[in-house]
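The values are calculated or read from the model by the stated rules, or taken from the named source; none is laboratory data. All values reported here derive from a predicted model rather than from experimental measurement. Here the Cβ positions follow ideal geometry from the backbone for every residue, glycine too, while neighbour counts run over all protein chains shown. Heavy atoms of the whole protein, side chains included, go into the accessibility calculation; ligands, DNA and RNA do not. Shrake-Rupley method; radii C 1.70, N 1.55, O 1.52, S 1.80 Å.
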4 protein chains.
Amino acid sequence: MHVADPSVSLEVLVETSKLEEALARFSKERDWDRFHSPKNLVMALTGEVGELNEIFQWMTDQEAREAGWSPVTAEHVGEELADVLLYLVRLSSVLGVDLNAAVLDKLAKNAIKYPAGKGCAF
Amino acid sequence: MHVADPSVSLEVLVETSKLEEALARFSKERDWDRFHSPKNLVMALTGEVGELNEIFQWMTDQEAREAGWSPVTAEHVGEELADVLLYLVRLSSVLGVDLNAAVLDKLAKNAIKYPAGKGCAF
Amino acid sequence: MHVADPSVSLEVLVETSKLEEALARFSKERDWDRFHSPKNLVMALTGEVGELNEIFQWMTDQEAREAGWSPVTAEHVGEELADVLLYLVRLSSVLGVDLNAAVLDKLAKNAIKYPAGKGCAF
Amino acid sequence: MHVADPSVSLEVLVETSKLEEALARFSKERDWDRFHSPKNLVMALTGEVGELNEIFQWMTDQEAREAGWSPVTAEHVGEELADVLLYLVRLSSVLGVDLNAAVLDKLAKNAIKYPAGKGCAF
């Protein structure tokens, strides 16, 4: 899928191809490809985002900002962030989406949509 | 945060530092840092994952597999995948989590947890 | 499905049968039953919860507490809460789950799990 | 909050006031009110919806339809549906939203938006 024009996509903001390959191999070795339909992967991604919410749900803002300071919480947070990324990269891979091109495209749109600054969102 | 031992983290499966910098700059220029608390970013990430679900919710498995084939759907899918990645990278950045180290750590755990193959999850 | 013993389930904490009927009729009249598989409904429910997150994501705690005070925000919040409930009730209906019995069962478990009070969750 | 005109809201499609009271009491007895801000409850609701996704993510459509048939899966599904409802009702309560009025209002809008039938959503 090409979501950005070729000249722009020469820039590399995010590089995930080695992870894509590792996940494809891991899945194939376990005969998991049949489970990895786009809809199933969206649900699995959602499940991991749910776990991320569960870590933070009762924390105060201050506790959440310091979540990386306690080794136990930091490891837990790192695991959930990794899980979200693993499923996101796997999903993009299965859909044939070039994540870097998609990101460049979205950032260009955001720069137009939010020129200087009121409101908030990327 | 260190979630992997240093010798392992020499391997680079995913590289997001340039995107982290671009997002930090984008946020600072718009005075958005005050909005980007970990809890707010988890909620924003959740919102984008919700939009991803909305794209696929009524599709058949076959339609979902072919979502990258129609330019319009492909662009929509690419945008939502990008949005999820943008918030995930921004969240990791704010929390001080090294995504590549977290991914290596999680893959190592998964390799032990799922040695050859029944069940499914990364 | 029986998740509570009959004597307990005589108590009615939540009554959704009229809504179930209204949704079943609405779906049948539009020939939507073929879309309403459990997996699709879980994804649709997730999409609505994502929209709920989007309403609150950049609000301060104080702004969130006052969300019901502005008529425009209140109407938006009411719509998303309703959407979540509609899909939840429809999903339960399709799965044959008695929501009131499930709630009674869960409350009984919670009363045992959280006898007086450290930590937080229902 | 009034989201429906009074004459319409005489109809009762969903009745949750007893559950609201039970949850308010449960929360007060455990000193949990300080945790139950709208944003925290949205995150907790999201966490439970994530768990619902995890139950169904690798199931085929057929397996998902039969999820209520196996007592073990049925109990698990019932628990997660109940958890979603508990947080939804608690959130509505904290926000001062009348769920039944919100549902009537949304159904009226849906009836206009989807007169007879193409596409799918409530």
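Taking D:GLU15 as the residue in question, decide whether it is touching a strand residue (DSSP E or B) at 6+ places or on another chain (Cβ under 7 Å), more than 10 Å from chain A (Cβ to nearest Cβ) and open to solvent by 20 Å² or more (accessible area, probe 1.4 Å). Let's see the steps before the verdict.
Working: touching a strand residue (DSSP E or B) at 6+ places or on another chain (Cβ under 7 Å): yes; more than 10 Å from chain A (Cβ to nearest Cβ): yes; open to solvent by 20 Å² or more (accessible area, probe 1.4 Å): yes.
It is true that D:GLU15 is touching a strand residue (DSSP E or B) at 6+ places or on another chain (Cβ under 7 Å), more than 10 Å from chain A (Cβ to nearest Cβ) and open to solvent by 20 Å² or more (accessible area, probe 1.4 Å).
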>> Return the residues of the range B:68-100 that are in contact with a Lys or Arg (Cβ under 9 Å, 6 or more places away or on another chain) and small (Gly, Ala, Ser); say none if nothing qualifies.
In response: B:GLY78, B:ALA82
>> Can you confirm whether C:THR60 is open to solvent by 10 Å² or more (accessible area, probe 1.4 Å), of a type in the set (Val, Ile, Thr) and without any contact (Cβ under 8 Å) to a residue 12 or more places away in the chain?
In response: yes
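Scan the range D:87-97 and give yes if some residue there is touching a residue at least 24 places away in the same chain (Cβ under 8 Å) and within 19 Å of C:SER93 (Cβ to Cβ), otherwise no.
Of the residues in the range D:87-97, the ones touching a residue at least 24 places away in the same chain (Cβ under 8 Å) are D:87-97.
Cutting the leftovers down to within 19 Å of C:SER93 (Cβ to Cβ) gives us D:88-89.
Within the range D:87-97, one or more residues are touching a residue at least 24 places away in the same chain (Cβ under 8 Å) and within 19 Å of C:SER93 (Cβ to Cβ).
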>> Residue under question is B:ALA111, and the condition is that it be out of contact with any Asp or Glu (no Cβ under 9 Å at 6 or more places or on another chain), open to solvent by 40 Å² or more (accessible area, probe 1.4 Å) and of a type outside the set (Ser, Thr, Tyr); does it hold?
In response: yes
> Among the residues of the range B:8-45, how many are touching a Phe, Trp or Tyr at 6+ places or on another chain (Cβ under 9 Å) and of a type outside the set (D, E, K, R)?
Replying inline: 12
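Have a look at C:ARG25, C:ARG34 and point out the one that is more than 26 Å from D:SER17 (Cα to Cα) and either modelled with pLDDT of 95 or more or crowded, with 19+ Cβ neighbours inside 10 Å (or both). Explain how you work it out, then say what you get.
On the way: C:ARG25 fails: more than 26 Å from D:SER17 (Cα to Cα).
Just a single option satisfies the conditions, and that option is C:ARG34.
Is it true that A:VAL3 is at pLDDT below 95, buried (at least 22 other Cβ atoms within 10 Å of the Cβ) and away from chain D (no Cβ under 14 Å)? Show your work before the answer.
Numbers: at pLDDT below 95: yes; buried (at least 22 other Cβ atoms within 10 Å of the Cβ): yes; away from chain D (no Cβ under 14 Å): yes.
Spelling it out, A:VAL3 is indeed at pLDDT below 95, buried (at least 22 other Cβ atoms within 10 Å of the Cβ) and away from chain D (no Cβ under 14 Å).
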